[in-house]
There are 4 protein chains.
Amino acid sequence: MGSDLTWKTSITKVEPNNVMVRGYPIQDLMGKIDYAEGLYLALKGELPDEKTKKMLGAILTSSIDHGASPPSTLAARTVASTGAPVNSALAAGILAINRYHGGAIEDAMMSFYDIKKHMETDGLDVKAAATEFVKKQRQAKKMIFGYGHRMHTADPRQAKLFEMAEELGFRGTYVEISLAVKEAIKEIIGKDLPINVDGAIAAVLCELDCPPILANAFFIIARLPGMLAHVYEEISDCKPMRKIHPTDYTYDGTPERKLD
Amino acid sequence: MGSDLTWKTSITKVEPNNVMVRGYPIQDLMGKIDYAEGLYLALKGELPDEKTKKMLGAILTSSIDHGASPPSTLAARTVASTGAPVNSALAAGILAINRYHGGAIEDAMMSFYDIKKHMETDGLDVKAAATEFVKKQRQAKKMIFGYGHRMHTADPRQAKLFEMAEELGFRGTYVEISLAVKEAIKEIIGKDLPINVDGAIAAVLCELDCPPILANAFFIIARLPGMLAHVYEEISDCKPMRKIHPTDYTYDGTPERKLD
Amino acid sequence: MGSDLTWKTSITKVEPNNVMVRGYPIQDLMGKIDYAEGLYLALKGELPDEKTKKMLGAILTSSIDHGASPPSTLAARTVASTGAPVNSALAAGILAINRYHGGAIEDAMMSFYDIKKHMETDGLDVKAAATEFVKKQRQAKKMIFGYGHRMHTADPRQAKLFEMAEELGFRGTYVEISLAVKEAIKEIIGKDLPINVDGAIAAVLCELDCPPILANAFFIIARLPGMLAHVYEEISDCKPMRKIHPTDYTYDGTPERKLD
Amino acid sequence: MGSDLTWKTSITKVEPNNVMVRGYPIQDLMGKIDYAEGLYLALKGELPDEKTKKMLGAILTSSIDHGASPPSTLAARTVASTGAPVNSALAAGILAINRYHGGAIEDAMMSFYDIKKHMETDGLDVKAAATEFVKKQRQAKKMIFGYGHRMHTADPRQAKLFEMAEELGFRGTYVEISLAVKEAIKEIIGKDLPINVDGAIAAVLCELDCPPILANAFFIIARLPGMLAHVYEEISDCKPMRKIHPTDYTYDGTPERKLD
């Protein structure tokens, strides 16, 4: 019978002895592109230019790990400690990356895109639009995502992201918006909160024209090397079914060192 | 009370305004290392040299996508089509990467490590050890993993991986073992099966001294950009709750093209 | 050290040789209560009366299975076919129960609770409140959940649920609301849509004073026996990594039969 | 085109306005069978007799909850605390039910089935077969599953299960085997370990002729009401992203009470 189930996809064509991702035979890509370029190609359909590649790479590196306390890491280690296969442990960790953990990137991106639209629609400058946004959130008793951190008052990852954005030509409207919101929070709410790493990633992903719905996935992909290292440490070095304290652990690895 | 729950980790140290992965402040790594280097650092505790980085990067690229039919992709798209958040769709896709899908890498690695040990213990050359291995598997009616493919009789990804292994100095004993097993299969079983991409990745990961238990995770990480692209395509372009035919789709993306 | 991590839970107390769920030693519950009563006790803290137990049991039975085409079943079978452990297959199936699959129960419950509130706040009768609701949804181009089905024009599960609700004393305001919405859809939109099984479950769960956030979980728990049967059939009877057609299968089990 | 994808299933037939599970229209089952009967029907294809229903129901109740410390509960609460949807939290909890958590049921079942086969093949009595089994495990330095507990020296759930098995006619060879293994451990290893709840469930599931591969799923299904109650408590009563201590919590619910 003819099928009404037939459908179309535009990502990868597979033929005998040929696999083409967005038109490129994989073997041509191997050795030529790095992971960030592959990610960009898979999602956007074109390879990024050199500057976009560098910026995206830095975003991925910025979130590689944050110790054993984040809930995604604890969930992954907890599952690993029960004798789970590695993919189950990673899946559980990924299920913990949501609104309150990693999710601030998506929320901040939506704010920044809204503020930009507001600037365009109502002819506001960045300061005015940021001020209105902060006032509106405050009145509605809604959170402002991407500012403040439980631990870091001046996050070096944020500073580095914005420094690279500047160098690579990505310090555009969205970075300005993120800084203007910081000032507006100080002025209107009276708190001098830093832009956190989520807020900085959000601003730069907006500069890269990324849809907010992918933000969570970028964070997941960025965090996987760290998550996997924790799962592997749990499996290799820890007793099965141990009780995993969420904060009472110490670091016994390589001391701080400089990159050559 | 003093806690017997106290534990140690050697991956990342987090202090106020400083996050050090394996000793390196993240901001020093950002812009300096790519994703493959970050993955290697997180797992091994040291940065890879330039050749290892290239080899690992090529492995990751080799598995970036294989169209819409692999069960991980179908599981991820199926979940995405129900209105799931992106992380749920990715988690479901990852749960489909097991013994029969992606898992051949781990199984092939264990075979190759076993054959190497056998060579050392019993003073066999590679041909003799491979022959004994194939005979033993045949007698026990066990699968030999990493050979043959439903679709590809000469997988260009395998050829490229071994070509790069040669150039970069990773064509060592394990690559020889994988080739010797191919010959032994032909001789003993009478089938001329190609080394498939799983077998080639397995041989090269052995060269990189990777523990088999991580093979599944490497495949997961390699495949995530493709899986995410499928999830995003499903969410963006497809009707919710559609019936997803596992093979009856056509590719309507960019035609085959050369990399500049 | 004293810990600020100390917290409280009111579900189960575990002591050496005694496990008390909501105050009851488990061994006293064993043999005395069925699964539906245990579910109610765990969530509400008290055992249900006989009528509530029967009603809840009927809801659970009503969703036990719906063949192999629902995305949760396909996701679970797809994962199972890759050699996954059973828990991974079930987890993947559960991840497919979302807004568009099973989720209509939660959405319909929220509508029914809203309509009830509207009746109380504005002194409207059920017909007027249902009419306003349908008009409002139509104007806002929003879905009305719980009505119509791709396959069933008169769902026997809905009829049975309302019949039992009548007998057991749960045909209250929410059931009336669900019927009034059906009439209002006919009048205002001109479509004679049946209340589907999701809508019927929603109305009855409102009668049982269930919070909407638990609706998804009730559907998950109700569907698990069916999902597990599919996973077990896939593992026992089907070839690993087969391509699973989402609709082109036939039923070859026991023919229709009467319950004694 | 004709499709080679066509397949068969024997669980549920869905027609317009009729859903038949194992031949029975669902509406006939609603109000007539409880959850345990539905589970048995879905898996086995026939309804259980009254005694089997009671026994299976008691097994499900026996594992309904064990406080907040089991890793499945911690994983589910950890994921819930990040703002996850309920199905994600349950999926993560289920992913934590593995070899070391819940998995002892499957392992014990396999031991008991092996011992039984050994009795038949070699004409051994239960004591001799159990003794050989314990000796063999000891020599191979392998675990014996289903005996001993970190907390319970005389588990009331085990006692109740065996008492019910006696009453209902399920105290057969497998229960005898489980007791003989207990004696053999005392004699050979010199430890007086109790049969734990996993071991007792295993023995009774063997009596019910359950395949070991389903044991994990039975535990999952049994535990879901408790897991859901924990997830709901976490969402309703706890601060998002709190640090969840795995043991330092107190029970503040209903005090111990008698069932009427």
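The values are calculated or read from the model by the stated rules, or taken from the named source; none is laboratory data. Computed from a predicted model, the values in this text were never measured in an experiment. Ideal geometry is used to build each Cβ from the backbone, glycine not excepted, and the neighbour counts take in all protein chains shown. These area figures cover heavy atoms from the full protein model, side chains too; ligands, DNA and RNA do not enter into them. Shrake-Rupley method; radii C 1.70, N 1.55, O 1.52, S 1.80 Å.
Once backbone amide H atoms are built at 1.01 Å from N, D:ASN98 has D:GLY103 as its partners under 5 Å, excluding neighbours fewer than 5 places away on the same chain. Phi angles across region C:152-167 convert, under the Karplus curve 6.51 cos²θ - 1.76 cosθ + 1.60 with θ = phi - 60°, into 3J(HN,Hα) values of 9, 8, 9, 7, x, 5, 5, 4, 5, 4, 6, 4, 5, 4, 4, 4 Hz, Gly and Pro given as x. GNM on chain C, alpha-carbon springs under 10 angstrom: the most fluctuating residue among C:GLN137, C:GLN27, C:GLN158 is C:GLN27. Summing +1 for each Lys or Arg and -1 for each Asp or Glu, what net charge is found among the other residues whose Cβ lies under 13 Å from the Cβ of D:VAL197? With Lys, Arg at +1 and Asp, Glu at -1, the net is +1. Nearest 0.05, what FRET efficiency do B:TYR113 and A:ARG242 give at R0 = 41 Å with Cβ-Cβ as r? My answer for the efficiency is 0.90.
Overall form of chain C: oblate. Here a/c, set by the Cα gyration tensor axes a ≥ b ≥ c, is 1.5 or more, and a/b is not larger than b/c. Charge tally around C:PRO156: other residues with Cβ under 15 Å, Lys/Arg +1 each, Asp/Glu -1 each, net -2. Straight Cα distances below 20 angstrom link C:LYS182 to the aspartates and glutamates C:GLU106, C:ASP107, C:ASP114, C:ASP125, C:GLU132, C:ASP155, C:GLU163, C:GLU166, C:ASP192, C:ASP198, C:GLU207, with same-chain residues fewer than 8 positions distant left out.
Of all DSSP beta bridges confined to chain C, the antiparallel ones make up roughly 90%. Measuring only protein heavy atoms, the 1.4 Å probe finds B:LYS182 accessible over about 50 Å².
Whole-Hz Karplus values for region A:194-204 come out as x, 5, 8, 5, 4, x, 5, 4, 4, 4, 6 Hz, taken residue by residue from phi with 6.51 cos²θ - 1.76 cosθ + 1.60 and θ = phi - 60°; glycine and proline positions read x.
So if R0 is 22 Å, what FRET efficiency would B:ASP122 and D:LYS142 give, r being the distance between their Cβ atoms, rounded to the nearest 0.05? Taking R0 as 22 Å, the efficiency between B:ASP122 and D:LYS142 is 0.20. With all pairs of separate Cα atoms included, region A:1-114 yields a Kirkwood hydrodynamic radius of 17.6 Å.
Each Cα pair of the protein assembly as shown feeds into the Kirkwood radius, which the Stokes-Einstein equation turns, at 25 °C and 0.890 mPa s, into a diffusion coefficient of 81 µm²/s.
Take the alpha carbon gyration tensor of region D:12-62, find the square roots of its eigenvalues, order them as a ≥ b ≥ c, and report rounded if a/c is under 1.5; if not, report prolate when a/b exceeds b/c, else oblate. It comes out prolate by the Cα gyration axes.
The share of C-alpha pairs in region D:115-170 whose separation exceeds 14 Å stands at 69 percent. With protein chains left intact and a 1.4 Å probe, residues in region B:211-260 average 40 Å² of accessible area per residue. In terms of its C-alpha gyration tensor, region D:101-196 has an oblate overall shape, because the principal axis ratio a/c (a ≥ b ≥ c, square roots of the eigenvalues) is not below 1.5 and a/b does not outweigh b/c.
A cut-off under 10 angstrom between Cβ atoms defines the neighbours of B:PRO225, and their net charge, with Lys, Arg +1 and Asp, Glu -1, is -1.
Projected onto its three principal axes, the C-alpha set of region A:152-210 covers 33, 21, 18 Å, listed from the longest axis down.
Per atom type, chain C shows carbon and sulfur on 50% of its accessible surface, probed at 1.4 Å.
Can you give the Kirkwood hydrodynamic radius of region C:141-260 from its Cα pairs, in Å with one decimal?
Roughly 17.2 Å, rounded to one decimal.
In the protein assembly as shown, the DSSP beta bridges split such that about 65 percent are antiparallel, to the nearest 5. Take the accessible area of chain C alone and of chain B alone, subtract that of the pair, and you get about 2400 Å² summed over both chains, using a 1.4 Å probe. Taking a straight Cα-Cα cut-off under 16 Å and skipping sequence neighbours fewer than 8 places away in the same chain, the lysines within cross-link reach of B:LYS117 are B:LYS127, B:LYS136. Of B:SER178, B:SER62, B:SER81, which is the most mobile in a GNM of chain B whose springs link Cα atoms less than 10 angstrom apart? It is B:SER81.
Inter-part distance, region A:155-170 to region B:80-115, computed on C-alpha centroids, equals 35 Å.
Taking every protein chain into account, the accessible area of region D:1-154 amounts to 38 square angstrom per residue (probe 1.4 Å). Database remark: amide H of B:TRP7 closer than 5 angstrom to the amide H of A:TYR249, A:THR250 (H placed geometrically; neighbours at sequence offset of 5 or more, or on other chains; Pro and chain starts carry no H).
The loop-placed chymotrypsin sites (Phe, Trp or Tyr not before Pro) in region C:136-219, going by DSSP, include none that has at most 12 neighbouring Cβ atoms within 10 Å of its Cβ.
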